[in-house]
Amino acid sequence: MKKKMNLGVKILIGLVLGIVIGAIFWLTMGAEAAGAFTAKYIKPFGDIFVNLLKFIVVPLVLLSIMDGVIAMHDIKKVGKIGWKTVAYFLVTTAIACVLGLIVANLFKGSFPVLELQEGAAYEAKSANLMDTIVNIFPNNFINPLSTSAMLQIIFIAIIFGCGVLVAGEKGKPFGDFISSFNEVTQRVMSFILELSPYGVFALMVWVVAAQGPKILGSLGLVLLAAYIGYILHTILVYSLSVKIFANMSPLRFFKKIFPAAAFAFTSTSSVATLPITKECCDEMDVHNEISSFVLPLGATVNMDGTAIYQCVAAIFLAKCIGVDLTLTQMIIIVVTATLASIGTAGTSGAGMIMLAMVLDAVGIPPTYIGIIYGIDRLFDMGRTTLNIIGDASCAVCVNHWESKKESKNVA
Ligand code: ASP
């Protein structure tokens, strides 16, 4: 218990020190030199840490979801928890989109209409909805594991977990093996986690040294709109849902989730943050079978921060190129941003690529993503933080619903 708290404090110290030292670099060397220097000599330490997290994340997602399914002992229970989880994810993401649109529309008057230069164009990979759906189903067992295709890995984990449950006695040895393999993986993960304060420090120094001055530019406004959306969503949706659905004080929830939030803020990857999110949920007494199922699924499909960002960015880019969006187009944005956020991988910068799908749907050429490309990391820090807080709030609520049901059954 004490040790886990210490890790949170260490991460906070790493974060603050990173900001201070990054700012010193920026002030003394100037943006360009500071960016180049920190990218060459300091960021690599952050990269080592992120590499280790990526390395552990495939076995972690595969084994923890499989183990979570197996631990439910009953395939009907998998269906019930799965249904509640997906419903929570969809409703909160749709609220996030509406909130994003409202905030962006309030800011719209101050967004600039740009005189676009050729350099602004960025060739985005267009992602279409049907491809996203078809790509959930793997045509090979090994490829998804070696390429970290998260949706496919989740599919494999759920279907094999169900296979173990249905196979009964004969499936038991395999189930025990998975459980033991999962336990070992969690231990390896905690070795890696011990390094997180250093990783956070190195990445933060680099971000502040390299991106600092851009915050002050004209893009600061759209960034501000996104962050207001993130903060409102956190206060309105997560505080209320943990209070109403899980009877937990929002303050306690935010305090406990802080280490994961701080890490998501610097790593910009929900999937890389997953081990820490899981530890935070353990601290909030979420049952292992629930967090093992909800969190990896959430890190891959539940992206409220990404949804807010995509809505704000769509309104901003429309204004930049002088297009006034109609109400119907706004509704299309809500639907496509919800779907695009589901299809977004929980990795750094993925939400910006999926933004192409939202822009396409309302007729804005995705090449204009180039306008905000340079500061995407700054958006990504906030949206990833929101994404993982959303996953944890879902785990806490589902945990409460299930324990209430169990105590009723016992009575
Ligand atoms: N970086 C985000 C995440 O991992 C995804 C995104 O780019 O929106 O949650």
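Any read-out appearing in this document is the output of simple, stated calculations on the displayed coordinates, not a laboratory observation. Just so it is clear, the structure is predicted and the values come from calculations on it, not from any experiment. Quick reminder, even Gly has a Cβ in these numbers, built from the backbone with ideal geometry, and neighbours come from all protein chains shown.
For the pair Lys80/Asn143, report the inter-label distance in nm, with labels modelled 7 Å from Cα in the Cβ direction.
3.8 nm
Go through 168-175, 104-111, 381-388, 225-232 and give me the packing order, highest mean Cβ count within 10 Å leading. Could the numbers behind the result be given before it?
Values: 168-175: 12.1, 104-111: 15.8, 381-388: 28.2, 225-232: 22.1.
For the peptides 168-175, 104-111, 381-388, 225-232, the packing ranking is 381-388, 225-232, 104-111, 168-175.
Hey, which aspartates and glutamates would be in cross-link range of Lys10, C-alpha to C-alpha under 20 Å, not counting anything within fewer than 8 residues on its own chain?
Within reach: Asp47, Glu194, Glu279, Asp282, Glu283.
Quote the charge dipole size of the chain about the Cα centre in Debye, to the nearest 20; the model charges only the Cβ of Lys and Arg (+1) and of Asp and Glu (-1). Provide the component values of the computation, followed by the final result.
On the way: 28 positive and 25 negative charges, 185 e Å.
Dipole magnitude for the chain comes out near 880 debye.
Top mean-square fluctuation among Val242, Val78, Val134, Gaussian network model of the chain, C-alpha springs under 10 Å?
Val134
How far is the Cα center of the range 172-190 from the Cα center of the range 318-395, in Å?
Result: 36 Å between the Cα centres.
Which length gain, in nm to one decimal place, applies between Lys108 and Val134 when the Cα-Cα distance is subtracted from 0.36 nm times their residue separation? Can you show the working numbers first?
Details: separation 26, 0.36 × 26 = 9.36 nm, distance 3.62 nm.
Value of the extension gain: 5.7 nm.
Quick one: how many lysine pairs does the range 164-296 have with C-alpha atoms less than 23 Å apart and a gap of 8 or more or different chains? Give me the count, please. List each step's numbers first, then the result.
Values: Lys243/Lys255; Lys243/Lys256; Lys243/Lys278; Lys255/Lys278; Lys256/Lys278.
So the count works out to 5.
Expressed in nm², what is the orientationally averaged projection area of the convex hull enclosing the Cα positions of the chain?
Values: hull surface 82.4 nm².
Mean orientational projected area (the chain, Cα hull): 20.6 nm².
Can you list the aspartates and glutamates whose alpha carbon sits under 16 Å from that of Lys43, skipping same-chain ones fewer than 8 residues off?
Within the straight-line cut-off, Lys43 pairs with Glu32.
Could you work out the local net charge near Leu297, counting Lys and Arg as +1, Asp and Glu as -1, over the other residues with Cβ closer than 14 Å to its Cβ?
-1
Please give the FRET efficiency for Phe191 paired with Ala94, using the beta carbon to beta carbon distance and R0 = 45 Å, rounded to the nearest 0.05. Show your work: numbers first, answer last.
Working: r = 39 Å, r/R0 = 0.87.
About 0.70, to the nearest 0.05.
Helix 172-193 versus the longest principal axis of the chain: what angle, 0 to 90°, nearest 10, using Cα atoms?
Once rounded, one gets 40 degrees.
So what's the net charge close to Trp83: Lys and Arg +1, Asp and Glu -1, counting the other residues with Cβ under 15 Å from its Cβ? Let's see the in-between values first.
On the way: positive: Lys76, Lys77, Lys80, Lys84, Lys405; negative: Asp74, Glu402.
With Lys, Arg at +1 and Asp, Glu at -1, the neighbours total +3.
At 222 nm, what value in deg cm²/dmol follows for the chain if DSSP H runs of at least 4 each add -39500 (n - 2.57) and the sum is divided by all its residues, to the nearest 500?
Working: 19 runs with 324 residues, N = 411.
Using -39500 (n - 2.57) per qualifying helix, the result is -26500 deg cm²/dmol.
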